[in-house]
Amino acid sequence: MLGCFIVLIRAGLMPITYGFSLPVLILIDWFLYKKTDDVVICYRCKSEYRDFSIIPQTITSFDHHTGELYETD
């Protein structure tokens with residue numbers, strides 16, 4: 001949610017500042033990304049697992065198609 005808000009601010013300030021605000025907002029976005037821990041989420045039960053020192057290689061990145069297959073709405 002916060003990331004989407006930063007993108008909207010970037011898009012709104014772009015015409016006004018002629019792009020000079022982009023590096024500042026990119027640095028803020030990068031800083032927030034580095035402060036956030038990795039999370040592993042189960043497709044089936046939506047359980048969240050945090051505080052991994054190293055995420056195992058058997059766990060792959062989130063795949064939206066696979067996530068939709070597990071949706072039960």
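The values are calculated or read from the model by the stated rules, or taken from the named source; none is laboratory data. The structure presented is a predicted model; accordingly, all values stated were derived computationally and were not measured. As a convention, Cβ positions derive from the backbone with ideal geometry for all residues, glycine included, and neighbour counts pool all protein chains shown.
Test ILE54 against the criterion of being surrounded by 12 or more Cβ atoms within 10 Å (Cβ to Cβ) and either of a type in the set (Gly, Ala, Ser) or at pLDDT below 85 (or both), and give yes or no. In short, no. Here the condition is being among the aromatic types (Phe, Trp, Tyr), under 17 Å from the mean Cα position of the chain (by Cα) and assigned to a helix (DSSP H, G or I); of PHE62, PHE31, it holds for PHE31 alone. All conditions in (1) at pLDDT below 85; (2) in contact with a Phe, Trp or Tyr (Cβ under 6 Å, 6 or more places away or on another chain) hold for ALA11, with the sole exception of (2). The single condition among (1) more than 17 Å from the chain's Cα centre (by Cα); (2) outside any loop (DSSP other than H, G, I, E, B) that ILE54 does not satisfy is (2). In this structure, ILE16 qualifies as at pLDDT 80 or above and either in a helix (DSSP H, G or I) or surrounded by 10 or more Cβ atoms within 10 Å (Cβ to Cβ) (or both).
Taking (1) farther than 28 Å from SER61 by Cα; (2) aliphatic (A, V, I, L, M); (3) within 16 Å of the chain's Cα centre (by Cα) in turn, ILE6 satisfies each apart from (1).
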